């Protein structure tokens, strides 16, 4: 039987993925992920370690990075990248938050109860976003910020993961300066 850091039973495949991600973090010579992001989902892990600072990436590099964690098709299905058109499909294009915004809006609005409604049983509501990748939350908040919409209700929705959001955005600011505008908007509201 395999258990995680919370003493929950974990399937073997999931445990091996987590081990691979930890080993990668230990041996990486580039900018490692902050310790607060140690236990993030695999899609977000690959996004942070391989994709967040690029517009395009060679397929060989994606395969090398994802080996033992997931197949590149999982990243396509998750919406963080798509097959590149140039070089006979030997590259992938990394999707920007603004490109993902409409799809993420549908996802989060369907998972969210009405934002203005008071929750009668908050302990039952905590798992609403459990199977959502951290990168989806980040991209959605960046999209909301760029659209000039109200971030406060969404930050309240994501309150349990605010520490991860803050650390992730600080990491992304170092990796990709083009994200500065929307990230700074979100961080200013978080700080208030």
Legend entry - Exclusive hit being in the same structural domain as residue 148 (by TED's automatic domain parsing), more than 13 Å from the chain's Cα centre (by Cα), surrounded by fewer than 19 Cβ atoms within 10 Å (Cβ to Cβ) and at pLDDT 90 or above, set 77, 106, 55, 113: 106
Inset, instruction - Sort out which residues of segment 23-52 are surrounded by 11 or more Cβ atoms within 10 Å (Cβ to Cβ) and modelled with pLDDT under 75, and write them in order of number. - result: 23, 24, 25, 28, 31, 32
Legend entry - Cross-chain or 6+ apart pairs with Cβ under 7 Å, segment 148-166 first and under 21 Å from residue 36 (Cβ atoms) and outside the structural domain of residue 101 (by TED's automatic domain parsing), then surrounded by fewer than 16 Cβ atoms within 10 Å (Cβ to Cβ) and at pLDDT below 95: none
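Assigned to a helix (DSSP H, G or I) and at pLDDT below 80: is that true of residue 20 in this structure?
Values: assigned to a helix (DSSP H, G or I): yes; at pLDDT below 80: yes.
Yes, satisfied.
The values are calculated or read from the model by the stated rules, or taken from the named source; none is laboratory data. These numbers come from a predicted model, not from an experiment. Positions of Cβ are backbone-derived with ideal geometry, glycine not excepted, and every protein chain shown enters the neighbour counts.
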